[in-house]
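J.: Quick one: structure below, then a few questions.
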Amino acid sequence: MWLIGAIPFFRALYRDPFLSEDMSRKVVKVISYYCGLASEGEMIRALTMGDDMGYKNGPIISPEMLRRYIFPWQKRCVEKVHKHGKHFILHSCGNLKVVMYDIINYVGVEAKHSFEDTSYPVIEYKRLYDEKIAILGGVDMDKLSRMPNREFREYVRRIIRKRAPGGDMLLDAEIALQIMWI
């Protein structure tokens, strides 16, 4: 999508599957090469890929198209990173519930970042995937930017209370609380 723009990309998915396949093949070569190269670094412990794949109500494209065009090249990137003994983190906004098992089991993503309360709250992710994938973050950035300080502090505390019983604390929640004290 970043190569040709959002509208031409969406049109190509439906009108020109050959172009979509060709772009996917070319993208996987370039991005997987860079994932492998970046993961060679001794100080690197994990790589992250930002690839917003969803809206508040579901994936940006159909699950079938994600499986056909997107997940195969993401899987190659993850394999390159794992080859070097590193971890792979996916940052993606939106409600990906319908494809999370693909992301975990097929693509091999080990951690997920970015959660929005209106689409798929971190508490729901924790309930469904806590044993399968690391859940990073959890504070909705919209709330961080719009909520009054007092309400935001209580919101963060609620998330920590709900997440803490599993043994993990939200680093960004702790940081957010510290920022609010400044």
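J.: Once you put a point 7 Å from the Cα of K83 and another 7 Å from the Cα of R150, both along the Cβ direction, what distance in nm separates them?
T.: Going by the 7 Å Cα→Cβ label model, 5.7 nm.
J.: Can you tell me which aspartates and glutamates have their Cα less than 14 Å from the Cα of K75? Leave out same-chain residues fewer than eight positions away.
T.: Cα-Cα hits under 14 Å: D51, D102, E110.
J.: Here is a further query. Quick check: residue separation of R158 and W2 times 0.36 nm, minus the Cα distance between them. What number comes out in nm?
T.: Contour length minus Cα-Cα distance gives 52.5 nm.
J.: Right, here's the next one. How do the peptides 111-121, 37-47 rank, highest first, by the average count of neighbouring beta carbon atoms within 10 Å per residue?
T.: 111-121, 37-47
J.: Hey, what angle do you get for helix 6-15 against the long axis of the chain, alpha-carbon based, 0 to 90 degrees rounded to 10?
T.: Between the helix axis and the principal axis of the chain, the angle is about 50 degrees.
J.: Fully extended, how many nm does the chain gain between A38 and H91 (0.36 nm per residue separation, minus their Cα-Cα distance)?
T.: Additional length available on full extension: 17.4 nm.
J.: A further question on this structure: List residues of segment 1-29, by number, whose backbone nitrogen lies under 14 Å from a label position 7 Å along Cα→C-beta of E64.
T.: 13-15, 17
J.: Under a straight-distance cross-link criterion of Cα-Cα below 16 Å, which lysines are reachable from K143, leaving out those fewer than 8 residues away in the same chain?
T.: K56
J.: Rounded, prolate or oblate: pick one for segment 19-136, where a ≥ b ≥ c are the square roots of the eigenvalues of its C-alpha gyration tensor, a/c under 1.5 means rounded, and failing that, prolate if a/b is larger than b/c, else oblate.
T.: oblate
J.: Give me the angle, in degrees from 0 to 90, between the Cα long axis of helix 71-83 and the longest principal axis of the Cα atoms of the chain, rounded to the nearest 10.
T.: For 71-83 against the chain, the angle is about 70 degrees.
J.: If you build a Gaussian network model of the chain, linking Cα atoms that sit under 10 Å apart, which residue out of M100, M65, M49 swings the most?
T.: Fluctuation is largest for M65.
J.: Now for a separate question. Run the helix sum for the chain: -39,500 (n - 2.57) per DSSP H stretch of 4+ residues, divided by residue count, reported at 222 nm to the nearest 500 deg cm²/dmol.
T.: About -15000 deg cm²/dmol.
J.: Against the longest alpha carbon principal axis of the chain, how many degrees, from 0 to 90 and to the nearest 10, is the axis of helix 149-163 turned?
T.: 70 degrees
J.: What percent antiparallel are the DSSP beta bridges of the chain, to the nearest 5?
T.: 15 percent
A short reminder: the numbers here are calculations on the coordinates, not readings from a lab. Nothing here was measured: the structure is a model prediction, and the numbers come from that model. Positions of Cβ are generated from backbone atoms using ideal geometry, with glycine treated the same way; all protein chains shown enter the neighbour counts.
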